[in-house]
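A short worksheet on the structure shown next.
Only the coordinates and a few stated rules stand behind these numbers; no lab work does. No experiment lies behind these values; they were computed from the predicted model shown. Positions of Cβ are generated from backbone atoms using ideal geometry, with glycine treated the same way; all protein chains shown enter the neighbour counts.
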Amino acid sequence: MSPRLRRALGGALAVAVLATGCDVPTLTDVPLPGGAPSGPGYRVTIEFADVLDLVPQAAVKVDDVTVGSVEEISLSGWTARARVRIDRAVRLPANATAAVRQSSLLGEKYVAVAAPVTEDAHGGLGDGAVIPLSRTRRSAEVEEVLAALGLLLNGGGLAQLKTINEELVAALDGREAAARDALRQLDAFIGGLERQKADLVRAVEALDRLSGRLARQQQVIGDAVDALAPGVTVLAEQRAQLTGALTALGELGRVGTRVVTETRKDTVASVRALQPILEQLVRAGDDLPKSMDFMLSYPFPPNVTGAIVGDFMNLSVTADLDAASILANLVAAAPAPARSAAARPAAPTRPPGPALPHPGGLVPGLPELLPPKCLPKPDAFPPTFTPPKDCLLPPGCVLLRPGSPVPPGGLLPPKGVVPPGTFLPPDTELPPGTVLSPECLPAPPTGAVTGQIGTLPDVLRGGLRP
């Protein structure tokens, strides 16, 4: 068209517009192809990996029926987000899918929304809902179809596929059973990996944590490896000696084997000769250990060791002196006939005296371990702790708080453990530093006679008892 003709047509169009007296329509007043019906609706955001050449105002269709339009297309990272407006009367499930399609070969692009095919529909799609990238797709472009067709028609690797197919047939010819078995084993292997996927993931994560820790301790590991260098150097220098030692050890093993083999008969004979001795030891039973125990304390019995305190021994003796027997022994005469217990007068009762320590260091009747009430509490130790009367300790026996001065005749147990020879049970644990008063220890023996019961007539009647 020539420039003159274009100017003429433009002038005619302007005159026609002015003659009609109407305004020139704007772009927004002209309905676009695929426009959505007017009326209330709700907005939904759809995510696409590729929207192709989809433009705003494109149609939104459900079952090829236009129900809305595209309002805005934006980019979020590598994902395209299309905000569409759908007629309120259209109800779609919450797990609906969306796709970018083309109305014809060269037609416009539009968004097709539909219910899911691979799962049941549930819920409802409302205002502000989002259809994620996992439930969207796009159709193939004409250019992509033509490119694929051109690749196919121009050879496109078909010759290579033929070669691969022929080689595969030649490789599997006669080995079908082995190939099927390999596939079954591969399937079992893949299945096992699938079942252990969680364990494999945890192992990889643990390996990642280990690698991170090793990376953070790279300097420490390097120093440790450097510190091993002198030791490795010494081992290298002593390699000949270590080899000789191992060789000598092997020779020692051979010599030991030869000695054991040659002395086998003698060893068996010696063991058989020991059999009678062992039988006699079995028959001796507990007598041998008891005799060994007595030999260690000869000439005193084993239970007397607890009565020995330092350089003296606690001893309680009851003597029953019969005058007739004593006189008969002195004159070598026959002893007088023993009188019955009924004819003998009763001996006077001995007044009670202070309790003497038990041979083991205990008071008679005192248990092996004192009750907790008889011992002070370490966290509430008074200056002077007096045990209760039912603890069977002598009057005046008190415990002084750790750090107190030791009174004359008192005792400071080493490390808070009571030794034998006191009125407290041996090995009783006290707070370290506790002091025992002198009344907690027995008086040292003097050898003097502390009392006498009876008179001379009692001696002549055989009733003297010290």
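Reachable lysines from Lys389, Cα under 27 Å, same-chain residues fewer than 8 places away excluded?
Within the straight-line cut-off, Lys389 pairs with Lys373, Lys377, Lys415.
With 10 angstrom as the radius, rank Phe48, Phe294, Phe381 by how many other C-beta atoms surround their C-beta, starting from the fewest.
Numbers: Phe48 21, Phe294 13, Phe381 18.
Ascending number of Cβ neighbours within 10 Å: Phe294, Phe381, Phe48.
Determine, for Asp64, Asp379, the number of other Cβ atoms within 10 Å of each Cβ, and report the residues in order from fewest to most.
Details: Asp64 9, Asp379 6.
So the residues, fewest neighbours to most, are Asp379, Asp64.
Between Ala148 and Leu75, how high is the FRET efficiency from 1/(1 + (r/R0)^6) when r is the Cβ-Cβ distance and R₀ = 35 Å? Nearest 0.05.
Details: r = 28 Å, r/R0 = 0.80.
Rounded to the nearest 0.05, the efficiency is 0.80.
For region 41-140, what is the charge dipole size about the Cα centre, in debye to the nearest 20, if Lys and Arg each add +1 at the Cβ and Asp and Glu each add -1 at the Cβ?
Details: 12 positive and 12 negative charges, 16 e Å.
So the dipole magnitude of region 41-140 works out to roughly 80 debye.
At a Förster radius of 60 Å, what calculated FRET efficiency corresponds to the Cβ-Cβ distance of Ala443 and Arg283, to the nearest 0.05? It would help to have the intermediate numbers written out before the result.
Values: r = 49 Å, r/R0 = 0.82.
In this case the efficiency is close to 0.75.
Give me the lysines in straight-line cross-link reach of Lys109: C-alpha distance below 17 Å, same-chain residues under 8 apart excluded.
Lys61
For each of Leu207, Leu430, count neighbouring Cβ atoms within 10 Å of the residue's Cβ, then give the residues from fewest to most. Please report the intermediate quantities before stating the final value.
Values: Leu207 10, Leu430 21.
Neighbour counts put them in this order, fewest first: Leu207, Leu430.
Normalising by the residue count of region 396-439, find the relative contact order in percent from Cα pairs under 8 Å and 6+ residues apart.
Computed value for region 396-439: 55 percent relative contact order.
Restrict the search to region 63-106; then list the trypsin sites (Lys or Arg not before Pro) that DSSP places in a loop and that have at most 13 other Cβ atoms within 10 Å of their Cβ.
Values: sites: Arg81, Arg83, Arg85, Arg88, Arg91, Arg101; in loops: Arg88, Arg91.
In loop regions of region 63-106 (DSSP not H, G, I, E or B), the sparsely surrounded trypsin sites (Lys or Arg not before Pro) are Arg88, Arg91.
Just to be sure I understand: of the beta bridges DSSP finds with both ends in region 41-140, what percent are antiparallel, rounded to 5?
Values: 26 of 34 bridges.
DSSP beta bridges in region 41-140 are roughly 75 percent antiparallel.
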